[in-house]
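Before any comments, here is the structure.
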Amino acid sequence: MTTITILGTSDIHGFLPTSLGLEPTDISAASHGSAGILSGAAIRHAHGSEHTLLIDAGDYYFGSPYATFAHCVRANDTQTTQPAQTDGGSAFLSPLTKSALICGYDAMAPGNHDFDHGVGVLRAQQPFLGEKLVCCNVFDLSGTRIFPAYRILELADVSVAVIGAVTGALPQLTAFANTADIIVDDAVQCIADAVHEVRKQVDLVILAYHGGIERDMADGRPTQYDTGEDQAYRILDSIQGIDGMICGHQHRTAYGESHGALYVQPGYQGEFVGAMRFELEADHSIRSQSASLFDTTALDPEHALDVQSNLALREAFNLPRYRRWLEGPIDVSHFAQYVTDKTGIRSYRYTWRDGCCKPFETARSTSPRISVETFKRSFPSPYALSVFRLTEEEYQALAERDIIAWSGSQHPRPETLGGYRVITNDPQAFPAYRLERCSVDNVFDEYIAQVADSTRYAA
Ligand SMILES: [Zn+2]
């Protein structure tokens, strides 16, 4: 009898453990002292690595300020504190990839946020990750798959296929420019095709799916509107031949068995690692199976790696330089124009908040340079920006008190269907009953990338 263990992480979002030298209060430190990017390696170290695969189900690369720094500034470039020009397309070893390699990831599927600076970011990591990066439903415009749909690994003469897939709703979850040069196909159909292709060649089929759970996994009752963004239940319900699934995307935790397959959903920032155990008979049929989640918050991930690997990671991550970048200035004088370009809304109020989250500048800023950290802390989580729609009287009263500013020389005209739209990172300044919508935009990342592209807003 052989026992195969599949460890699964998801939605780490580039958050780091303090064992790399980060202060616990740093805005890139993984929540609740968890092991962040080292969570998989920490659990593998704590629970044994024999006949174990470590797989990530996406949203590994973006989400923390450190991740933005690693992408826009590149930790080991020359000693400037300003973001460098981004190009995403050329090969460079991201410190996050270096960490994935040191942690021993066997396969990784991309998540929606991993496309937030275009597919070039992942392409640039392909030379280092090779066939470890798997995704069955992303194609270039000629219809050629950009990543292999799956990879096959051998463990103690047991063969395991790992299929990767990203939510088919990816184009609705990121800016048009990020998916303009790719085709994101239906996840369920592409996974079904990949399972069909690989099932007879292997003993176990594992799916790393960057999407969430849309129904009660036991009885199939809907738990949310079926938008196509989360299809974990439908995948196991409609596709035969999957033995285990790592899902994610919703930043929730879940584990169990559905339609005879195991599944795990390991939360956010590496707080949990999913584990799926298969005990196989001599003929490689499954004798028993079980799923669980491991909490990483009580672990010291420093022990997960040898001294040399720890040193190599500390060097690659270059945290002193990251701190200088975070404390260094960013020019926010183009921010209003950037949001207007993005949303078409010209009336705004932006308030910049310091480390204690006290507002200290208002819309009509006379000093447009604030620190990167202040900029980041100025967007309430998870809704970075809110849009309010006000009556003419309300709008004028707020504009007279300088609570609203506008890009351009004249007040914007009223909306065709009535009222005035105002966009803000400071929803408290407006009547709650006039909220039209709020959005989860990663304006922090996007604006920093655009400031880096200095030609865009040249004076
Ligand atoms: Zn996520």
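Starting from the Cα gyration tensor of segment 330-452, take the square roots of the eigenvalues, sort them a ≥ b ≥ c, and report rounded, prolate or oblate (rounded when a/c is under 1.5, otherwise prolate if a/b is larger than b/c, else oblate).
prolate
Of 203, 237, how do they rank once you tally other Cβ atoms within 10 Å and put the fewest first?
The fewest-first ordering by Cβ neighbours comes to 237, 203.
Give me the extension gain from residue 180 to residue 409: residue separation times 0.36 nm, minus the current Cα-Cα distance, reported in nm with one decimal.
Full extension from residue 180 to residue 409 adds 79.1 nm.
For a Förster distance of 56 Å, can you work out the FRET efficiency between the beta-carbons of residue 200 and residue 369, rounded to the nearest 0.05?
0.35
Put a dot 7 Å past each Cα toward the Cβ at residue 391 and residue 101; how far apart are the dots in nm?
Result for the modelled spin labels: 6.3 nm.
Report, in degrees rounded to the nearest 10, the 0 to 90 angle that the Cα long axis of helix 307-317 makes with the longest principal axis of the chain.
So the helix axis and the longest Cα principal axis differ by about 30 degrees.
Below 8 Å, C-alpha to C-alpha, sequence gap of six or more: please give me the relative contact order for the chain in percent.
17 percent.
Want the number for residue 240 to residue 128: 0.36 nm per residue separation, take away the alpha-carbon distance, what's left?
37.0 nm
Over the Cα atoms of the chain, what is the Rg over Rh ratio if Rh follows Kirkwood?
That ratio is 1.00, to two decimals.
For residue 288 and residue 308, calculate 0.36 nm times their separation in residues minus their Cα-Cα distance, and state this gained length in nm to one decimal.
Result for the pair: 3.4 nm of gain on full extension.
Within 11 Å, Cβ to Cβ, of residue 215, how many net charges do the neighbouring residues add up to if Lys/Arg are +1 and Asp/Glu are -1?
Once all neighbours under 11 Å are counted, the net charge is -4.
Bear in mind these aren't lab numbers, they're just calculated from the coordinates by the rules spelled out. Not measured: the values here are computed from a predicted model. Note that we place each Cβ from the backbone using ideal geometry, even for glycine, and neighbour counts take in every protein chain shown.
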